[in-house]
Amino acid sequence: MPFNHNDHYHPLLLDLLPPGPGLALDVGCGTGRFARRLAATGMAVEAIDVSAAMVEAAAGLGSPGPGEIVYRQADVTTDALPEAHYDYISCLASLHHLPFETLAKLRRALVPGGVLVVLALARPSTLPDWVRAIAAVPVNALARLVVYAGERLNGGAEDGPKAPVVDDYPTLAEVRREAARLLPGSTVRVLFFWRTLITYREHGEGDPTGG
């Protein structure tokens, strides 16, 4: 894709990092683009993906530093996660591959004050949702053209392993409902280029609502 919608929102996700370098978990890391962005801030990163080809490709690119990245093949739905362990957990364009209950598992893996960010794909549910989705079409076409032209001028983009594509997305109403149920106190923000951002900050057992 000449214009990657997930990459476009990396700066927004990095703005949500908690203070300090800390430890991050990147779920569904793909070829490691966001993991490398996290490492560049000084975070130590554990980057996981179910695809061995993706993990191999990402590991081959190393880390830009100063933070280190450990890549491993893992399935977050079945593999154990340590509880109260991570300062920051990211899950980019992976939620529609996972059961919603995975959000609760990710929440339990956060330290008090830790942040979970989920960049999700979802189908519009309301009229404002549809208006936003339709308005993005011409802007997206222009952005794709600009990025494509830049890639051609620089010799073209490199080929690599492709992430699995699933076109069966939950609705925004489902995302809002499940986020409220599984991540009490979370916020759900509909973004312009067909992405939805769920943000949750863990307040520890002293505040069971998470609010």
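The values are calculated or read from the model by the stated rules, or taken from the named source; none is laboratory data. Here the structure is a predicted model, which means the values were calculated and not measured. When we count neighbours, we look across all protein chains shown, and the Cβ atoms used for this are built from the backbone with ideal geometry, even at glycine. Just the protein is used for accessible areas: all its heavy atoms, side chains included, with ligands, DNA and RNA removed. Shrake-Rupley method; radii C 1.70, N 1.55, O 1.52, S 1.80 Å.
Subtracting the Cα-Cα distance of ARG108 and GLU174 from 0.36 nm times their residue separation leaves 21.6 nm of extension gain. Working ranking of peptides 10-22, 90-102, 174-186 by packing, defined as the average number of other Cβ atoms within 10 Å per residue, highest first, is 90-102, 174-186, 10-22.
Residues whose amide H lies under 5 Å from that of LEU191, counting only those 5 or more places away or on a different chain, are THR196, LEU197; hydrogens are built 1.01 Å from N in the peptide plane.
When a 1.4 Å probe is rolled over the protein heavy atoms, the share of accessible surface on the range 12-135 that falls to carbon and sulfur comes to 58 percent.
The residue among ALA53, GLY67, VAL117 whose Cα reaches farthest toward the positive pole of the charge dipole of the range 44-129, with charges on the beta-carbon of Lys, Arg, Asp and Glu, is VAL117.
Full extension of the chain segment joining GLU83 with THR126 gains 11.8 nm, where the gain is 0.36 nm per residue of separation less the Cα-Cα distance. Here the label points at LEU16 and GLU68, each 7 Å from Cα along the C-beta direction, are separated by 2.8 nm in the simple model. Database remark: amide H of ILE89 closer than 5 angstrom to the amide H of LEU25, VAL115, LEU116, VAL117 (H placed geometrically; neighbours at sequence offset of 5 or more, or on other chains; Pro and chain starts carry no H). Backbone amide hydrogens, once placed in the peptide plane, bring ARG123 within less than 5 Å of THR171, LEU172, excluding anything fewer than 5 places away on its chain.
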